[in-house]
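Worksheet for the structure shown next.
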Amino acid sequence: MTRTDSGTQLSRPVPVDAPPVESRRVTIVTPCFNATEDLRTLYADLEGLDLSLDGGSRIEANLIVIDNASTDPISQIPPPRGWDVEVVRLKTNTGGSGGYNAGMASALKRGQESGEPPEFLWLLDSDARPNASTLRALIEAIDTDPSFVIMGSAIARPTDGVVFEIGGKLDRIGQFGPCYGEKEPAPAEVVEVGYAAACSALVRAELVERVGLFPEVFLNSDDIEWSFRLAQEAGGKVGATTRSVVRHPQMKAGLTRPRYVIARNAFGPIDALGLGARVRFLRALRELPRALAQIMIGRADLAELHLRGLEDAAANKLTGAGAMFELPVEPFKPMAQAREALEPYATALRSKRVWVHPNLKLSEENASALEAAMEDAGAEHEPIVRGAYPLAWEPFGSGVLGGLWRLVRGPRYAAAIIPVRGRPDGWCRGRVQIQVTPDSLIVTRCDRLSMIAGALRCSVRGVRVAIRLALRKPAKSAAERLPNAQDYPIDREPAA
């Protein structure tokens, strides 16, 4: 098959009222980077999949795992019993988009060579937890309407099983978020949505072969842009179903280097939809408070990731890892090393009062480790609440007046324990700032003059780049953004 630049029409799949076929071929594609335990668990989940369909037909499934140059090769992990598994180890880490692309290209090539091409590709993250009916429900959902080109699962939190996303959408200021979920239930079992998250998405293999693979952006927003462009090229639509569920982490706290690609890659989907200068400008301004928040808790290095991401987007540098691994970033330390992290500040903390953010919660293990480190330093503090780390959305403006007042007046406490998101209610609470993720921490000093100067520079730089983004020409067309599956280069490591 050949790929077209525009107007591709998807040839009609098995109609809804057609007699049952003997089998439905599905190739599962899973990238993996240094996540051996996740992969072991996924293998166990796959052994429990229900591969039967109504009418006596069955799902004929195989698995391609892309080892994205993990530190320890993952080929030694025993495969799921009774499964056809191919592990492709790449020479370098190509990120999520490169891993999925290598897997999809391998699946299509294998189908051509065998004469038994897959009907569907099931994109499945290594840390996604499918249940027995997840795949079956995806196939049944995509069969309800031949115009569906991609069908996504409902995504639930691993901790409590609450579904937080049923498909995604792009809002009027270029922000991505759930189309339906916890706050807005889906009106039907199968719904049309803007995009499907790649943690569990079923796509028609024929369309991937015709139109192309993920945009090569390393991480983040690749599945969003891809969904938009595939649907446009095929004249079809994207769906999601409540009947197919996977458990998958909702978000991760304490991100460092991925902040760069989050800022940069947001403009690929905006360009795909042709949303124009106003949306690009507003999306850039939405990134600015995130950079400012990091400056206000002493993390100018993380703020730089946001700003550089915007600047590279303005220059249409939208592929690869970009500056993600080039910019200097101070890493977080595991919570088990809390004593070591606090040791340089022991004099400042001894017999002094420490403020603990009222919304902060940590697991028993990590809360105990941090409390023990505080006690070793001789600091006085309230107990840290045990529970799930707070990840709920919180408006940036909440507490901003108090934060600015403390910036002028100065902190009242010797130290403050705050979440790493950098919201204003944690600004300038302590002369020493102990920023915590669910399982790590970093300690900085509250240097108000540096924060004020950094915030001013950041604001000027952020507004300038927002204007540049508004004026820039949109990124390339689908044919140029989506690599061709037929000649996609797979830089695999030779078999031992």
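Per residue of the range 118-134, what does 6.51 cos²θ - 1.76 cosθ + 1.60 with θ = phi - 60° give for ³J(HN,Hα)? Whole Hz please, x for Gly and Pro, Karplus curve as stated.
Ordered by residue, 3J(HN,Hα) equals x, 7, 10, 10, 9, 7, 9, 5, 5, 9, 7, 10, x, 9, 4, 9, 4 Hz.
Taking 0.36 nm per residue of separation and subtracting the Cα-Cα distance, what length does fully extending Asp487 through Thr71 add?
The span from Asp487 to Thr71 would gain 147.0 nm if fully extended.
Along the range 208-221, what does the Karplus equation 6.51 cos²θ - 1.76 cosθ + 1.60 (θ = phi - 60°) give for ³J(HN,Hα), rounded to whole Hz, x for Gly and Pro?
My calculation for the range 208-221 gives 4, 5, 6, 9, x, 8, 4, x, 7, 10, 6, 9, 6, 6 Hz in order.
State the antiparallel share, in %, of DSSP beta bridges confined to the range 258-449, rounding to the nearest 5.
35 percent
Given the convex hull over the Cα atoms of the range 23-250, what projected area results after averaging over all orientations, in nm²?
Mean projected area of the Cα convex hull: 12.4 nm².
Magnitude of the Cβ-charge dipole of the chain, K/R +1 and D/E -1, about the Cα centre, nearest 20 debye?
2640 debye
Hey, if you put +1 on the Cβ of every Lys and Arg and -1 on every Asp and Glu Cβ in the range 23-250, which of Ala186, Gly161, Ala198 ends up farthest toward the positive end of that dipole?
Checked the options; the winner is Ala198.
To test your reading of the geometry: what angle, between 0 and 90 degrees and rounded to tens, separates the Cα axis of helix 448-471 from the longest principal axis of the chain?
So the inclination is approximately 30 degrees.
List the equivalent ellipsoid semi-axes of the range 340-423 in whole Å, largest first, each obtained as the square root of 5λ for an eigenvalue λ of the Cα gyration tensor.
23, 19, 9
Tell me, Kirkwood radius of the range 237-358 from alpha-carbon pair distances, in Å?
17.6 Å
Please give the direction-averaged projected area of the C-alpha convex hull for the range 258-449, in square nanometres with one decimal.
11.8 nm²
Using +1 at the Cβ of each Lys and Arg and -1 at the Cβ of each Asp and Glu in the chain, identify which of Leu49, Phe228, Val420 lies farthest towards the dipole's positive end.
Looking along the dipole axis, the top candidate is Val420.
What percent do you get for the relative contact order of the range 280-428 when only Cα pairs under 8 Å and 6+ apart count?
Over the range 280-428, the number comes to 25 percent.
Which percent of Cα-Cα pairs in the range 288-392 sits in each 10 Å bin, short to long?
13, 30, 32, 18, 7, 0
Which GluC sites (Glu not before Pro) in the range 308-344 pass both tests, a DSSP loop state and at most 11 other beta-carbon atoms within 10 Å?
Those satisfying the criteria are Glu326.
With +1 on the Cβ of every Lys and Arg and -1 on the Cβ of every Asp and Glu, and nothing else charged, how large is the dipole of the range 342-496 about its Cα centre, in debye rounded to the nearest 20?
Roughly 1240 debye, rounded to the nearest 20.
Once label points are set 7 Å from the Cα along Cα→Cβ at both Trp83 and Ser477, what is their separation, rounded to one decimal in nm?
About 4.0 nm, to one decimal.
Please grab the % of Cα pairs in the range 108-180 that end up more than 14 Å from each other.
72 percent
Please compare each pair in Lys317/Lys473; Lys169/Lys237; Lys109/Lys237; Lys183/Lys252; Lys237/Lys476; Lys333/Lys361 to a cut-off of 24 Å on the Cα-Cα distance and tell me which ones are over it.
Flagged as over cut-off: Lys109/Lys237.
Which whole number in µm²/s is D for the range 53-143 by Stokes-Einstein, with the Kirkwood Rh taken over Cα pairs at 37 °C and 0.692 mPa s?
Estimated via Stokes-Einstein, D reaches 222 µm²/s.
Tell me, what is a quarter of the convex hull surface for the C-alpha atoms of the range 383-480, in nm² with one decimal?
Average of the hull's projected areas for the range 383-480 equals 9.9 nm².
Would you mind telling me the antiparallel percentage of the DSSP bridges in the range 23-250, rounded to 5?
Restricted to the range 23-250, the bridges split so that about 45 percent are antiparallel.
Based on alpha-carbon positions alone, could you give the equivalent ellipsoid semi-axes of the chain from the gyration tensor, as √(5λ), descending, whole Å?
Each semi-axis is the square root of five times an eigenvalue, giving 43, 26, 20 Å.
Considering only the chain, what is the antiparallel percent among its DSSP beta bridges, to the nearest 5?
45 percent
Work out how far the C-alpha atoms of the range 157-214 reach from end to end along every principal axis, then list the three figures in whole Å, largest first.
37, 29, 23
Between Val329 and Ser133, what is the FRET efficiency for a Förster distance of 41 Å, r being their Cβ-Cβ separation, to the nearest 0.05?
0.50
If you place +1 on the Cβ of every Lys and Arg, -1 on the Cβ of every Asp and Glu, and leave all else neutral, what size is the dipole of the range 412-496 about its Cα centre, to the nearest 20 Debye?
Its charge dipole is roughly 740 debye.
Using the Karplus curve 6.51 cos²θ - 1.76 cosθ + 1.60 with θ = phi - 60°, work out ³J(HN,Hα) for each residue of the range 143-150 in order, rounded to whole Hz, and write x for Gly and Pro.
Karplus values, whole Hz, x for Gly and Pro: 6, 5, 7, x, 7, 6, 9, 9.
Contour minus end-to-end for Thr41 and Arg243, with contour as 0.36 nm per residue of separation and end-to-end as the Cα-Cα distance?
70.5 nm
Just so you know, all these numbers are worked out from the coordinates, no wet-lab data involved. Just so you know, these numbers come straight off a predicted model, no measurement behind them. Glycine gets a Cβ as well: all are built from the backbone with ideal geometry, and neighbour counts include every protein chain shown.
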